[in-house]
Amino acid sequence: MRHARFGRTVLLASCLVALTACGGGDTTQTGDGSAATADAAATAAAAAAAASSPTGSPTGTPTGTPTGTSSAPASSPAPAPAPAGSLAPVAPKTVVLNTSLQSPWGMTFLPDGRMLVTQRGGSLVILSADGRSVAATVSGVPAVSTAGQGGLLDVVLDPDFAATPWVYFSFAEPGTGSEAGMVGTAVGRGRLVGTSLQDVAVIFRQVPKVADSGVHFGSRMAFRSDKTLFVTLGERGQGSPAQDVATSLGKVVRINRDGSIPAGNASPPGGRPSLWSWGHRNPQGAAVHPETGALWVNEHGPQGGDELNIVTVGGNYGWPNVSYGCQYGDPVGNGCAIGGGQHAPAYIEPISTWTPTSVAPAGLIFYTATKFPQWRGNIFFGALAGTALWRVQLDTAGRREVARERLFASLGERIREVQQGPDGYLYLLTDSGKLIQVRD
């Protein structure tokens, strides 16, 4: 449950050519059926990749013993292949609670069990505690840009919500004045009073805003135990600015609840004071490990090469210089990895990768409840192009993947978000507008 959870050449044309992977297959309905066609192609590609693996899971990358960078953990692991480890048997079922949502994107639970859900078109709604009805639409949300993959994105509650009912939301903010026609990811907050947000203010803006790109906004948010806020930011399809610390494109930032800058950030020479890490492409899942306090992020690769990372302060994750994925138009396979694939020693290796095709990871949680005791400590995230829920089991140190499982592929749903409910069950949001409960 997430009461306190996280050059210049535009790549949009490439995305339209290869929707199986750009933004991890994060497409937008156009009204002419093109998105549905692209999704079908993406699903077929993912299925073909799965069929090539004896376990039915996408094939992983070769293992190795990279040392990582100086800012990486002491023993930065190589990305895990699709392991053959055993997974404890669980027989969950899914129950569709709601089919009336409009492109839902983010979700969090209120203390009374009701749900706050963002809808990409710009509305924030409150669902009843059983999830079956929209109890109210919250007023006070600022205008958002819905072009491409933009819109109203993630939502989290203040760690002290019971006393100070701040709600934090990320969104694609349209520019004004000299930035008219440009868009950038932003974070706002407002106090939830009844069914309205009051004292709304934007506390963070990505720099710079970008024109002519509707892709790679990120963005997920997660609160750290010190009540600072992590925000993941895509590189807006620009590529090389992910390595430029003077921008916040392709970065993870850490801010205080009022938007000010806390002590302990990376502070690279010439860099922005909000920066925690860089070299990211389009991270759409973030969660703080419940025991170690480390930030974990998943992000979309290009054509293959989706990543699961432990994100450390000052860490450089390599994009666009290296990736286990391939450039658009290259033959699908592991032989065309960007920069040779291996990240270390110049960059930090991912914990796990998904190749040769992208599953398009979205949302991320650690399961901590008791409804499914075999799942405690496991990672869950949705897949867009891969139309499934992924479960990743870690080793006892909580730093290396030992097994993975693709769940609920038969639903055929682009799963955008996953959260653990106060009842210990999992709740999924789909791009088709569904709220799905995973229960025993």
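In the stretch 242-281, what residues are of a type in the set (G, A, S) and in contact with a helix residue (DSSP H, G or I) (Cβ under 8 Å, 6 or more places away or on another chain)? Before you say what the answer is, go through the steps one by one.
Here is the first cut: in the stretch 242-281, the residues of a type in the set (G, A, S) are 242, 246, 248, 250, 259-260, 263-264, 266-267, 270-271, 274, 277, 279.
G250, G279, listed by residue number.
Taking the residues in the stretch 123-150 that are of a type in the set (S, T, N, Q) and buried (at least 16 other Cβ atoms within 10 Å of the Cβ) as candidates, determine which candidate is farthest from G188 (Cα to Cα). Once the filter is applied, the top-ranked residue is Q149. Every condition in (1) over 18 Å from V297 (Cα atoms); (2) of a type outside the set (V, I, T); (3) surrounded by fewer than 20 Cβ atoms within 10 Å (Cβ to Cβ) is met by G398 except one, and the failing one is (1).
Answer yes if at least one residue in the stretch 421-436 is buried (at least 20 other Cβ atoms within 10 Å of the Cβ) and closer than 18 Å to L295 by Cα, and no otherwise. No; the residues of the stretch 421-436 include none that is buried (at least 20 other Cβ atoms within 10 Å of the Cβ) and closer than 18 Å to L295 by Cα. The residue pairs whose first member lies in the stretch 342-356 and is at negative phi, whose second member is open to solvent by 10 Å² or more (accessible area, probe 1.4 Å) and among the polar types (S, T, N, Q), and whose beta carbons are closer than 6 Å, counting only pairs six or more residues apart or on different chains, are A344/T67; P345/T67; Y347/N316; I348/T69; T355/N334; P356/N334. Of the listed requirements (1) within 24 Å of Y427 (Cα to Cα); (2) touching a helix residue (DSSP H, G or I) at 6+ places or on another chain (Cβ under 8 Å); (3) surrounded by fewer than 24 Cβ atoms within 10 Å (Cβ to Cβ), P320 misses just one: (1). Summed over the stretch 160-170, the residues that are under 15 Å from V231 (Cα atoms) and not β-branched (V, I, T) give a count of 3. Against the conditions (1) open to solvent by less than 10 Å² (accessible area, probe 1.4 Å); (2) at pLDDT below 95; (3) of a type in the set (A, V, I, L, M), I348 satisfies every one except (2). Is the stretch 405-415 home to any residue that is under 20 Å from H289 (Cβ atoms), open to solvent by less than 10 Å² (accessible area, probe 1.4 Å) and aliphatic (A, V, I, L, M)? Among the residues of the stretch 405-415, not one is under 20 Å from H289 (Cβ atoms), open to solvent by less than 10 Å² (accessible area, probe 1.4 Å) and aliphatic (A, V, I, L, M), which makes the answer no.
The values are calculated or read from the model by the stated rules, or taken from the named source; none is laboratory data. A quick note: this is a predicted structure, and the numbers were derived from the prediction, not measured. Every residue, glycine among them, receives a Cβ derived from its backbone with ideal geometry; neighbour counts consider all protein chains shown. Note: areas computed on protein heavy atoms with side chains; ligands, DNA, RNA excluded. Shrake-Rupley method; radii C 1.70, N 1.55, O 1.52, S 1.80 Å.
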